[in-house]
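Shown next, in structure tokens, is the structure this report addresses.
The values are calculated or read from the model by the stated rules, or taken from the named source; none is laboratory data. None of these values were measured; they are calculated from a predicted model. Cβ sites come from the backbone with ideal geometry, for glycine too, and all protein chains shown count toward neighbours. For accessibility, only protein heavy atoms count, side chains too; no ligands or nucleic acids. Shrake-Rupley method; radii C 1.70, N 1.55, O 1.52, S 1.80 Å.
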Amino acid sequence: MGILIKNGTILTAENEFKADILVEGEKIVAIGEHLHADAERVIQAEGKYVFPGGIDQHTHFEALCNSGDRDTAGYETTKAVIVGGTTTIIDYAPQDPGCGLIESALHRIHVRAKGKTCVDFALHSLITEVTDSMFEEIKELPKYGIASIKAFMAYIGSPLHVDDGTLVRVMEESKKVGVTVFVHAENGEIIKMLQTECVKAGKTEPKYHAVSRPPMVETEATKRAIYLAEQIDTPVFIVHISCKGAADAVAEAKAKRQRVYGETCTQYLTTTKEKLDNPDFNEAAKYVCSPALRDEQELKAMWQGVRDGILSAIVSDHCGIDLAEMKQEGRNNFVDIPNGAPGAADRINMIWTNGVAQNKISKQKFVEVCATLPAKINGIYPRKGTIAVGSDADIVIFDPTYRGTIRLEDNPNGVDYNIYEG
């Protein structure tokens with residue numbers, strides 16, 4: 001019986017054409033003009049765009065914050081994500097205290113997320129406890145369908161931090177089994193120095209979060225990670241790029257045919273560091289994320305990086321950190337504000353509105369960076385990330401004429417604010 005989607009304009013990363021789509025079960029079984037089928041449900045999509053469900057390859061659901069002792073919002077809050085047009089997430093699986101990489105990932109699959117998530121998901125492994133056994137576990141990750149592992153160069157003094165020696169060994173072991181190393185590239189030592197200087201000078205408001213994490217710390221760490229990967233001859237993926245210096249480092253490596261890739265986030269394409277200048281702590285603290293928000297010139301450079309193909313994905317770096325309790329930990333010192341903000345529910349609408357509708361990117365580039373390339377990067381293409389016979393029927397029907405305002409009350413994300421409110 002199935003579902004027949006009629007007369008929509010199908011968007012893929014390569015094409016735009018008008019056709020019908022027949023879905024049976026959870027698969028696309030036919031695409032063509034004037035399809036006739038005894039479908040149980042017929043959806044008229046005339047005047048609408050039909051594109052593959054978004055893939056957000058950078059989310060943090062039910063994960064311990066970088067400060068404090070509480071987890072981000074759980075998988076039950078992914079109902080907001082699917083309302084926002086994203087149908088698959090690639091979530092980070094940090095090690096639980098005292099647990100290995102694989103044990104932590106399996107616990108996430110079978111306990112934390114089971115019966116709660118409203119979207120399909122895969123996992124990246126994430127280092128939060130360096131042990132000798134961890135390096136052996138890297139070799140086993142592909143057996144569990146995990147193709148990537150993340151290391152943080154930032155957050156010195158926290159369980160997240162990975163020093164350069166450990167990073168090199170992670171790269172070496174990952175290379176042996178085809179696991180890609182994802183890197184949060186910020187120079188943790190310089191950040192620590194700048195944070196200390198700010199606090200000693202009494203500069204403790206949220207705006208000093210950006211002062212203590214200037215573009216220089218991201219650019220330097222990006223170049224260092226790329227150099228280390230070059231010496232080991234292994235791929236590296238730089239996550240959440242926010243500044244031109246880091247994007248340029250990726251571009252230079254690509255020009256040398258080095259296997260270096262990068263992503264940026266919705267917030268670095270739509271929001272600037274002026275949000276941190278608000279004297280109202282409750283407003284400014286919402287926008288504390290890492291890397292820090294940048295100025296308008298850096299924002300423009302991120303759009304250029306997307307257009308030029310330097311940045312392969314637009315992600316949310318979703319962290320469901322509530323304001324009323326968790327962000328308050330840093331009321332007297334910005335260093336203690338948990339880093340991150342929710343965003344997975346609004347990524348598709350924000351990138352269409354600020355990108356496609358403003359002629360910054362084409363409709364094909366939109367599909368490419370929001371769905372197709374993330375599917376390819378994470379090994380789930382063409383099952384995900386495209387509209388094709390045999391692909392999963394993860395389909396968005398999008399009305400380009402719709403005009404509205406983002407409001408938390410219309411699509412609750414599980415925390416008490418939305419950084420794209422209004």
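From the Cα gyration tensor of the stretch 107-202, with a ≥ b ≥ c the square roots of its eigenvalues, which class applies: rounded if a/c is under 1.5, or else prolate if a/b is larger than b/c, or else oblate? In terms of gyration-tensor shape, oblate.
In a reduced charge model with +1 at each Lys and Arg Cβ and -1 at each Asp and Glu Cβ, the chain shows a dipole moment near 820 debye about its Cα centre. A 1.4 Å probe run over the stretch 314-422, with the rest of the protein chains in place, finds 40 Å² accessible per residue.
With all protein chains kept in place, the per residue accessible area of the stretch 2-47 amounts to 57 square angstrom at a probe of 1.4 angstrom.
Shown are Ile127, Ile232, whose ranking by accessible area with a 1.4 Å probe and every protein chain present, most to least, is Ile232, Ile127. Sorted largest first by accessible area at a 1.4 angstrom probe radius, with every protein chain in place, the residues Asp71, Asp322 fall in the order Asp71, Asp322. Under the combined filter of DSSP loop state and at most 15 neighbouring Cβ atoms within 10 Å, the stretch 293-338 retains these trypsin sites (Lys or Arg not before Pro): Arg331. Multiplying the residue separation of Ala388 and Met193 by 0.36 nm and subtracting their alpha-carbon distance yields 65.0 nm. The gain in end-to-end length when the Thr401 to Tyr227 segment is fully stretched comes to 58.0 nm, 0.36 nm per residue minus the alpha carbon separation. For the stretch 12-51 versus the stretch 189-263, the spacing of their alpha-carbon centroids is 43 Å. Counting only DSSP beta bridges with both residues in the chain, the antiparallel share comes to about 35 percent.
Restricting the GluC sites (Glu not before Pro) of the stretch 285-347 to loop positions (DSSP other than H, G, I, E, B) with no more than 13 neighbouring Cβ atoms within 10 Å leaves Glu325. The distance between label points at Ala255 and Thr166 comes to 3.5 nm (points 7 Å beyond Cα on the Cα→Cβ vector).
Dipole magnitude for the stretch 21-168: about 280 debye, using +1 per Lys or Arg Cβ and -1 per Asp or Glu Cβ, origin at the Cα centre. Sequence-distant contacts, meaning Cα pairs under 8 Å at least 6 residues apart, place the relative contact order of the stretch 129-248 at 27 percent. Among (i) 22.5; (ii) 24.2; (iii) 19.6, only one was calculated for this model; which label is it, if the read-out is mean projected area of the Cα convex hull in nm²? The calculated read-out lines up with (iii). If a spin label sat at a point 7 angstrom from the Cα of Cys118 along the line to its beta carbon, no backbone N atom of the stretch 1-34 would be nearer than 13 Å. For the chain, the mean residue ellipticity at 222 nm estimated from helices alone is -7500 deg cm²/dmol, where every DSSP H run of n ≥ 4 contributes -39500 (n - 2.57) and the total is divided by all residues, rounded to the nearest 500. In the stretch 2-47, the DSSP beta bridges split such that about 75 percent are antiparallel, to the nearest 5. Against the criterion of solvent-accessible heavy-atom surface with a 1.4 angstrom probe, Asp132, Asp20, Asp394, Asp277 sort, most first, into Asp132, Asp277, Asp394, Asp20.
For the chain, relative contact order (Cα pairs under 8 Å, six or more residues apart, normalised by length) works out to 20 percent.
A simple count of charges around Tyr75, restricted to other residues whose Cβ falls under 10 Å of its Cβ and scoring Lys, Arg +1 and Asp, Glu -1, yields +2. Ligands, DNA and RNA left out, the accessible area of the chain computed with a 1.4 Å probe is 49% carbon and sulfur. Spin-label model, Asp410 to Ala324: label points 7 Å out along the Cα-to-beta-carbon direction sit 2.4 nm apart. Once the 1.4 Å probe is applied to the protein heavy atoms, the stretch 153-234 comes out at 44 Å² accessible per residue.
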